[in-house]
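Okay, structure first, notes after.
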């Protein structure tokens, strides 16, 4: 068994920590084996001509994504980002400063793609791509959760996550992939979800939930699977079927649909909201995963597509589904056009479950008894991909307001965590972007430090005992790390878990 | 590939010590894996481990935590039908640690 992992001490004054060069140099996520790599079309192991192929791939990415070239060129090393990363704060490894992490790739870009770098590499911080550099990429680009907090503080607006994604894509293209992400992508293609939960197991689980809800509430709340002609197709992370506290939010969604009289269905083929293609920066994987959802939507003839509590799923849905699949305007292949015709455009396509629930609350179409959550003193953790890469509703900042509005409509006690740690400046949970794996637990614990510090403060000052969030990764990460910081693991839960407690099922 | 040696026989595992082949599992292997996790298997552990294997055989996946707690509660008494009880038995998390001892593949995803 691994050595005991302990929480770092809270900082007394949250300033730039003392540097510990190389502190995380040995922390390396498991590398994908040949079977995992080849199942999703990557070379099974590091190819012999990795150097040339990596540089070629970098050139292709630079040609395809102008943003990447701009981001690699624009940085002036002002340092504004350096202390904004939760992994740097928690690990003190200077290579986890966002600027330094980017420079691992930028230095190689300069050497091969800029004139000064080709002529006078030493003068401009350019370096050759060596095996050591490649290993360093793997180590440190899998210590970034692509949460983009640092980007908020960058005066040039450099999207550092895009640089991480490009590095991971280059690594995958030469046969140097990460086990956790790539194994999961293989499972989505083969089975339909990240968990590898086959249809019959999903059906059995949902049946059990119907019994549970009936027993607890007396109402026949349904959890429909593969129902043709349903109004709504719900796309949610597969963790919602499997893990705690995730499943409590799934019960919440079902109760909302029940109370509002909306017919809905889950799909066994597209039983996954998550899309790890985003995490590894691979467009083809991202599209292939998203297309399962279109296939299900067309098969069932649904009018609306609603996304459950999953941070990066909502980013992909909100920002990319339109051009990837035709859910939302943008794509123009025949299936996309067919789907456009099928969907009901009086509703947002896609719609977040929080948008759906909040709209019902505003129209008094559902009733909530706040007292049902009186045992909870609640705070809200904004999940990075919702906060910084998407929107909800029709107003600026709707992605911040709507989940909070739902909480305050469902409960009496709500307190914000400290300024500069919520909304667009929210800290990552420490487990996002393909890092939610046991082999990176030490990194995850350290990366959670800034969030835990402010949580401790609201716990001390206001007695907060429940942190709501709308992301499966955040829920799983906090369940794991909260006890290491001395909190109860059950302190984290979903927004729809609170809705589930408060919603009245009978009178609407 | 990694492996473990139990009673003079080698069993292939992944990097984290999960058995590669489901069929390799036996009582000694389970005890060996548990020991490496600092656990001594009691009857209560076995109730869970055996249920996991039965469920896996039918569905090709470990049960959801809720399915597991419910089944254990029904079979062995309501005081055992909650996740707190399972966490006490398997402190690293019933989902993963119990699966490892039961010789099942590690559940993946956002869990």
Rh by Kirkwood over Cα pairs, then Stokes-Einstein D for the range A:18-61 at 1.002 mPa s and 20 °C, µm²/s: 164 µm²/s
Overall dimensions of chain A as given by Cα atoms, namely Rg and Dmax in Å: 22.6, 76
Gaussian network model of chain B, springs between alpha carbon atoms under 10 Å - residue of B:93, B:77, B:17 with greatest fluctuation: B:77
Relative exposure of A:13, A:361, judged by other C-beta atoms within 10 Å (fewest first): A:13, A:361
Rounded tilt (10° steps) of A:131-141 against the dominant C-alpha axis of chain A: 30 degrees
q = 0.22, 0.29 Å⁻¹, the range A:415-478: log10 I(q)/I(0) [Debye, one scatterer per Cα]: -0.95, -1.34
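Quick check on the range A:324-385: what does the Kirkwood estimate of hydrodynamic radius come out to from the alpha carbon pairs, in Å? Kindly include the intermediate steps, with their values, before the conclusion.
On the way: mean 1/r = 0.0668 Å⁻¹.
Roughly 15.0 Å, rounded to one decimal.
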Over the range A:26-149, volume per residue of the alpha carbon convex hull, in Å³: 132 Å³
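Which whole-number percentage describes the relative contact order of the range A:314-419, with Cα contacts under 8 Å and a sequence gap of 6 or more?
28 percent
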Compactness of the range A:61-106 as Cα Rg over 2.2 N^0.38 Å, two decimals: 1.26
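Quick one: divide the alpha-carbon radius of gyration of the range A:162-246 by 2.2 N^0.38 Å and tell me what you get. Provide the component values of the computation, followed by the final result.
Details: Rg = 17.7 Å, N = 85, 2.2 N^0.38 = 11.9 Å.
Compared with the compact-globule rule of thumb, the range A:162-246 sits at 1.49.
Count, for each residue of A:199-212, the Cβ atoms from other chains sitting within 10 Å of its Cβ, then give me the mean as a whole number.
Details: counts 1, 4, 10, 3, 1, 6, 6, 1, 1, 6, 4, 0, 1, 3.
Mean number of neighbouring Cβ atoms from other chains: 3.
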Most mobile listed residue (B:62, B:34, B:23) in chain B, GNM with C-alpha springs under 10 Å: B:23
Helix axis angle, A:199-217 relative to chain A longest principal axis, alpha carbon, degrees: 50 degrees
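Computed from the mean reciprocal separation of all distinct C-alpha pairs, what Kirkwood hydrodynamic radius does the range A:349-508 have, in Å? Walk me through the intermediate numbers first.
Numbers: mean 1/r = 0.0622 Å⁻¹.
When all Cα pairs of the range A:349-508 are included, the Kirkwood radius is 16.1 Å.
Sort A:78, B:99, A:147 by Cβ crowding within 10 Å, fewest neighbours at the top. Could you put the intermediate results ahead of the total?
Working: A:78 12, B:99 24, A:147 28.
Starting with the residue having the fewest Cβ neighbours, the order is A:78, B:99, A:147.
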Per-q log10 I(q)/I(0), chain B, q = 0.19, 0.23 Å⁻¹ (Debye; single scatterer per alpha-carbon; no solvent): -0.95, -1.36
Compactness of the range A:129-177, expressed as Rg and Dmax over alpha-carbon positions, Å: 11.9, 35
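Rg to Rh ratio, the range A:265-387, alpha-carbon atoms and Kirkwood radius? If you can, show how the numbers build up before the last one.
Working: Rg = 16.2 Å, Rh = 15.8 Å.
Checking Rg against Rh, the ratio lands at 1.02.
Could you work out the relative contact order of the range A:254-372, using alpha carbon pairs under 8 angstrom and six or more residues apart, expressed as a whole percent? Don't skip to the end; give the middle numbers.
Details: 115 pairs, mean separation 30.0, N = 119.
The value is 25 percent.
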Exercise: per-residue mean of other protein chain Cβ atoms within 10 Å, A:184-192: 1
Share antiparallel - DSSP beta bridges, chain A, percent rounded to 5: 10 percent
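On average, how many beta carbons from a partner chain sit within 10 Å of the beta carbon of a residue in A:241-248? The partial results should precede the final answer.
Numbers: counts 5, 12, 9, 9, 2, 5, 4, 1.
Average per residue, whole number: 6.
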Percentage, to the nearest whole number, of Cα pairs in the range A:253-308 over 17 Å apart: 46 percent
Geometric extent, Cα atoms of the range A:210-262 - Rg, Dmax (angstrom): 11.2, 31
Distance from the range B:19-51 to the range A:195-248 (C-alpha centre basis), Å: 30 Å
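Which ordering of A:204, A:374, A:220 is given by a fewest-first count of other beta-carbon atoms within 10 Å? Walk me through the numbers before you get to the answer.
Working: A:204 18, A:374 13, A:220 10.
Ordered by Cβ neighbours within 10 Å, fewest first: A:220, A:374, A:204.
None of the figures in this text is laboratory data; all of them are computed from the coordinates on show. The model shown is predicted, which means the values in this text are computed figures rather than measured ones. Backbone-built Cβ (ideal geometry, glycine too); neighbour counts: all protein chains shown.
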